[in-house]
Amino acid sequence: MRKNYLLLFITLLLSFTSVIAQSISIKTYNKSTKAGDVGLVSSWGELNGNTASRLYVIDVTEDNKYYINTLSNLLKEETVLVFVDDQPFEKLRPQTDGWQNVAIRDYFISLGKGNHKIRFQANYATNMVPMVDEIFLTVERPAARTAAPAAVTAFLNKVEQLKQQPVVTANDEEDLTSKVLPNPQGLYDHAIDTNFTYSHFSWIYLTTGYHTFATSGSTIFRTLTVFNPNNYTYSWSNVNSGPGGESLLNLYVSLAGYYAITLRPYAGITGVTNILHNGTTLVSGAVIGGRTYSMSALKGGPLNFFTCRMSGGGDTRMMASRSFSSSVRGY
């Protein structure tokens, strides 16, 4: 009988261990960061088995009824399940492929004062954290499912303009070694004193084995980078090794875990592209933004700067690399 209990205990232990969620590092926000009519506390991506989610913790200061609005980069068939405090709420229903505003206007949630957790969960087996990139909870009902805040509308209009941009020949960047970067997260003795440009940054969980990443439909020369921020041995970049001058990465990943996918322009202009993983579209209309700066070796070598948020407290990414096309060596 004891053997049977022991076997049952081991089986339960293994079952429990197999479903422990794996998460990327938690992003915390300044206390003043807003998500519509609520405060934004933190966010992270999570993989639990074959279920990928993006989670936000919000701070509610007033008991009220709230509507959920998002800025997302999703494919039309990517229905996203929404959970509030771990309870099923509704779904995000994209109307097209790529960047778009997706609101839930037919249902509201009643929230009391304090912190609450909003989970956006992919509705199919995937290892890609859903790109629900910005959220807005408002007391006022959105005018339409596609109604967006002004900053989001401006961004979406810019993306449409970038899609029409002709390909421009790459050129070298100016040397801005003497510049200093004022940054929300601290001061850095590197570059820059100019505005950041929105670009692509997303998380994907890669299993051990072979993986292929590529771009398609690019409007400018770009560098596609996949890297593990915990181990820069696993960092790859490419500009134009694929058909038609597109980026192409054929990787063997020997360390399973979360990897970052980023884009940066080979020249100092902005464009868009599609990102494919193993032949399947991962992201449609991803923005190629930011700038690459030639820095002295003493200051770390070439650095790439771009932001991944348009409002709130900012979420500035700094990538260090050896050249415009080399892999990431710092983050």
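The values are calculated or read from the model by the stated rules, or taken from the named source; none is laboratory data. All of these numbers come straight from a predicted model, not from anything done at the bench. Cβ atoms come from the backbone with ideal geometry, glycine included; neighbour counts cover every protein chain shown.
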Is it true that L12 is modelled with pLDDT under 90, assigned to a strand (DSSP E or B) and not acidic (D, E)? no
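Can E62 be described as surrounded by fewer than 14 Cβ atoms within 10 Å (Cβ to Cβ) and either touching a residue at least 12 places away in the same chain (Cβ under 8 Å) or among the hydrophobic types (A, V, I, L, M, F, W, C) (or both)?
On the way: surrounded by fewer than 14 Cβ atoms within 10 Å (Cβ to Cβ): yes; either touching a residue at least 12 places away in the same chain (Cβ under 8 Å) or among the hydrophobic types (A, V, I, L, M, F, W, C) (or both): yes.
Yes; evaluated as a whole, the condition is true for this residue.
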Selection from the range 124-140 of residues modelled with pLDDT of 90 or more, under 16 Å from I104 (Cα atoms) and not hydrophobic (A, V, I, L, M, F, W, C) yields T138, E140
Could you say whether any residue in the range 246-254 is surrounded by 13 or more Cβ atoms within 10 Å (Cβ to Cβ), more than 19 Å from the chain's Cα centre (by Cα) and touching a residue at least 60 places away in the same chain (Cβ under 8 Å)? no
Selection within the range 29-52 - buried (at least 22 other Cβ atoms within 10 Å of the Cβ), more than 18 Å from L111 (Cβ to Cβ) and touching a Lys or Arg at 6+ places or on another chain (Cβ under 8 Å): G45
Only one of (1) in a loop (DSSP other than H, G, I, E, B); (2) under 21 Å from L156 (Cα atoms); (3) at pLDDT below 90 is not met by S218, so which one is it? (3)
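For every residue, the table says whether it meets (1) of a type outside the set (G, A, S); (2) modelled with pLDDT under 90.
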{"position": "V226", "(1), (2)": "yes, no"}
{"position": "Y232", "(1), (2)": "yes, yes"}
{"position": "R264", "(1), (2)": "yes, yes"}
{"position": "T273", "(1), (2)": "yes, no"}
{"position": "T281", "(1), (2)": "yes, no"}
{"position": "A297", "(1), (2)": "no, yes"}
{"position": "P302", "(1), (2)": "yes, yes"}
Consider Y29 against the criteria (1) within 29 Å of L276 (Cβ to Cβ); (2) under 16 Å from the mean Cα position of the chain (by Cα): it satisfies all of them except one. Which criterion is unmet? (1)
